[in-house]
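Here's the structure we're looking at; comments come further down.
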Amino acid sequence: MPIIAHLDMDAFFASIEERDKPYLKGLPISVGSDPDGGKGRGVVATANYAARKYGIGSALPITRAWKFSEDAKRRGEPECIFITPHHGKYGKVSSKIFAIVRKHVKSVEQVSVDEAYLDFSHCRNMRDAERLAKKIQSEIKKQENLTCSLGIAPSKLVAKIASDIKKPYGITSVNKEDVESFLEPLPIRAIPGIGPKTAQSLMRLSIRKVGDIRKFSRESLIKRLGKWGSDLYDRARGIDSRTIQTKKDVAKSVGVHDTFMEDTLALRTLMKSIKDIVDEVYSRFKADGFVSFRTVVITVRFSDFETFTRSLTVKVEMETERELERQAIKLLLPFMDRQENPHKKNIRMLGLRVEKLSQQIKYHQGVLL
Ligand code: TTP
Ligand code: MG
């Protein structure tokens with residue numbers, strides 16, 4: 001069972017502005033469009049927690065943010081400080097933060113300027129994982145004077161939801177056996193992918209909490225919401241088999257090709273060749289330390305050098321040589337009949353490649369090797 005952490009910076013753009021301009025300390029801040037005295041266009045990118053108390057937050061039209069700030073002023077509270085974003089600066093801070101994270105964690109999948117999934121599977125247990133989270137959190141605070149929150153769970157989905165629970169500067173961990181009871185009381189909007197529109201259509205079915213989704217069968221959710229209904233059925237149960245994809249994994253592929261002594265369209269020759277190629281690709285893939293792949297690509301070159309590639313990508317990782325062989329043959333067969341080869345041209349070369357690879361991380365007594 002993997003242990004995945006999700007790290008998300010607190011009020012990221014606004015916290016950087018507050019840090020860099022000491023006179024702003026403690027004041028409500030909105031980073032985004034210029035309100036232009038209430039006539040401005042555009043939206044709030046983010047707001048610090050003091051401004052959120054006024055109802056100001058991401059995606060709020062700037063005219064409304066201005067109004068909320070004016071209302072606060074009338075109540076005798078500090079008005080909101082509106083700042084236009086400095087994206088270059090935020091990018092640089094982001095690089096520094098994830099450099100700190102990478103010192104502690106080998107497998108890091110950064111998904112936005114301020115968040116990443118971290119592979120904590122080398123931790124012996126949840127307490128160990130919490131200690132590591134605390135260490136990363138404190139080091140970011142010490143070196144960059146910024147706070148972040150982390151969620152630790154057996155899946156990306158639950159880790160992401162958990163990182164939001166104790167913001168700012170919080171850590172929330174969810175054990176495997178507690179996933180369902182953790183999700184049950186949360187409002188449906190806590191599930192990534194449920195926006196205001198989906199939330200509204202779910203409200204019509206009296207679905208308000210994640211636990212309410214579980215009262216519906218997969219079929220009835222599909223009937224009401226289409227394919228998304230099936231995803232929702234899984235998400236409400238914390239089911240999510242996505243693994244951490246580092247840049248290295250995404251970029252890597254393992255491939256082999258074979259040029260025939262004589263161009264051919266003979267079934268036996270092609271089947272033997274594809275099986276040998278599968279064997280070779282699979283051995284290399286294993287030797288490079290990979291454990292799973294999600295994409296299979298085939299290349300076919302005909303005797304006139306016309307070349308085609310066809311690929312397929314699946315959601316759930318494939319791991320076995322048999323699966324690779326099955327997919328490779330599935331991709332090759334159309335080239336042997338009219339579908340992809342109406343003129344019955346002979347084949348000169350066959351190639352096969354696997355992509356979207358995941359690597360097994362090697363551990364020794366809880367230490368990353
Ligand atoms: P978030 O992590 O969603 O928000 P946040 O870090 O400001 O606050 P939280 O403590 O709730 O995590 O987004 C990260 C940054 O991305 C945010 O600081 C500004 C930017 N952003 C936008 O520009 N527009 C948006 O709609 C959102 C949601 C974020
Ligand atoms: Mg954030």
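The values are calculated or read from the model by the stated rules, or taken from the named source; none is laboratory data. It should be emphasised that the depicted structure is a prediction, and the values quoted were computed from it without experimental measurement. Quick reminder, even Gly has a Cβ in these numbers, built from the backbone with ideal geometry, and neighbours come from all protein chains shown. The area values use the complete protein model at the heavy-atom level, side chains included, leaving out ligands, DNA and RNA. Shrake-Rupley method; radii C 1.70, N 1.55, O 1.52, S 1.80 Å.
Numerical summary
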| quantity | calculated |
| --- | --- |
| Number of positions in the stretch 153-170 that are buried (at least 21 other Cβ atoms within 10 Å of the Cβ) and within 16 Å of ligand 1 (Cβ to nearest atom) | 6 |
| Residue in the stretch 256-263 that is without any contact (Cβ under 8 Å) to a residue 40 or more places away in the chain, among the aromatic types (Phe, Trp, Tyr) and either out of contact with any Asp or Glu (no Cβ under 6 Å at 6 or more places or on another chain) or at negative phi (or both) present | no |
| Residue tally, condition acidic (Asp, Glu) and under 22 Å from His87 (Cα atoms), over the stretch 102-148 | 4 |
| Asp240 being among the acidic types (Asp, Glu) and more than 30 Å from His6 (Cα to Cα) | no |
| Pick from the stretch 63-85, criterion over 14 Å from Arg52 (Cα atoms) and either among the basic types (Lys, Arg) or touching a residue at least 40 places away in the same chain (Cβ under 8 Å) (or both), ranking: most open to solvent (accessible area, probe 1.4 Å) | Arg74 |
| Test: residue in the stretch 6-19 that is more than 16 Å from ligand 2 (Cβ to nearest atom), open to solvent by 40 Å² or more (accessible area, probe 1.4 Å), in the same structural domain as Glu77 (by TED's automatic domain parsing) and not hydrophobic (A, V, I, L, M, F, W, C) | no |
| Single residue of the stretch 295-316 satisfying the filter (open to solvent by 50 Å² or more (accessible area, probe 1.4 Å) and within 20 Å of the chain's Cα centre (by Cα)) that is nearest to Asp258 (Cα to Cα) | Thr313 |
| Residue within the stretch 286-303 that is without any contact (Cβ under 8 Å) to a residue 60 or more places away in the chain, assigned to a helix (DSSP H, G or I) and not aromatic (Phe, Trp, Tyr) present | yes |
| Matching entry among Leu150, Leu118 (being within 16 Å of ligand 1 (Cβ to nearest atom), part of a strand (DSSP E or B) and in contact with a His (Cβ under 7 Å, 6 or more places away or on another chain)) | Leu150 |
| Residue that is open to solvent by 50 Å² or more (accessible area, probe 1.4 Å), over 29 Å from Leu357 (Cβ atoms) and either of a type outside the set (Gly, Ala, Ser) or away from ligand 2 (no atom under 16 Å from the Cβ) (or both), where the choices are Asn125, Asn145 | Asn145 |
| Any chance Leu186 is hydrophobic (A, V, I, L, M, F, W, C) and within 16 Å of ligand 1 (Cβ to nearest atom) | yes |
| Filter result for Val291 (surrounded by 12 or more Cβ atoms within 10 Å (Cβ to Cβ) and in contact with a helix residue (DSSP H, G or I) (Cβ under 7 Å, 6 or more places away or on another chain)) | no |
| The one condition in (1) open to solvent by 70 Å² or more (accessible area, probe 1.4 Å); (2) within 13 Å of ligand 1 (Cβ to nearest atom) that Val113 fails to fulfil | (1) |
| Matching residues in the stretch 93-110 - criterion: being within 16 Å of ligand 1 (Cβ to nearest atom), over 17 Å from the mean Cα position of the chain (by Cα) and open to solvent by 40 Å² or more (accessible area, probe 1.4 Å) | Ser95, Lys96 |
| Residue in the stretch 223-238 that is under 30 Å from Phe290 (Cα atoms), touching a residue at least 40 places away in the same chain (Cβ under 8 Å) and open to solvent by 80 Å² or more (accessible area, probe 1.4 Å) present | no |
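Residues checked against (1) closer than 22 Å to Val174 by Cα; (2) open to solvent by 60 Å² or more (accessible area, probe 1.4 Å); (3) modelled with pLDDT under 90:
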| residue | (1), (2), (3) |
| --- | --- |
| Asp240 | yes, no, no |
| Thr246 | no, no, yes |
| Val254 | no, no, yes |
| His257 | no, yes, yes |
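Every residue, every condition in (1) out of contact with any helix residue (DSSP H, G or I) (no Cβ under 6 Å at 6 or more places or on another chain); (2) assigned by TED's automatic domain parsing to the domain that holds Gly195; (3) under 14 Å from Ile81 (Cβ atoms); (4) surrounded by fewer than 17 Cβ atoms within 10 Å (Cβ to Cβ), yes or no:
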residue: Lys21; (1), (2), (3), (4): yes, no, yes, yes
residue: Ile29; (1), (2), (3), (4): no, no, yes, no
residue: Pro35; (1), (2), (3), (4): no, no, yes, no
residue: Gly40; (1), (2), (3), (4): no, no, no, no
residue: Val44; (1), (2), (3), (4): no, no, yes, no
residue: Ala51; (1), (2), (3), (4): yes, no, yes, no
residue: Tyr54; (1), (2), (3), (4): no, no, yes, no
residue: Ala59; (1), (2), (3), (4): yes, no, no, yes
